[in-house]
Amino acid sequence: MSFGVGIAIGAAVGVAIGAAMDNIGMGIAIGVGIGMALGGAIYAWRSERPNK
């Protein structure tokens, strides 16, 4: 769940980066990388707080 949210955010950021760089593919690749890191961080943070 959290990974999906992170990747979705990352992909959206990636499209914006790609548009700015005139290289959508590279922007999406960067965005998905950011998204996976973000998703992992959210997942780890949520798993440390199971009551929330």
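Bear in mind these aren't lab numbers, they're just calculated from the coordinates by the rules spelled out. All of these numbers come straight from a predicted model, not from anything done at the bench.
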Helix-only mean residue ellipticity at 222 nm for the chain, each DSSP H run of n ≥ 4 adding -39500 (n - 2.57), per residue, nearest 500: -29500 deg cm²/dmol
Ratio of Rg to Rh over the chain (Cα coordinates, Kirkwood Rh, two decimals): 1.15
Residue-wise HN-Hα coupling along the stretch 11-21, computed from phi with Karplus coefficients 6.51, -1.76, 1.60 (Hz; x: Gly, Pro): 5, 5, 4, x, 4, 5, 4, x, 5, 5, 8
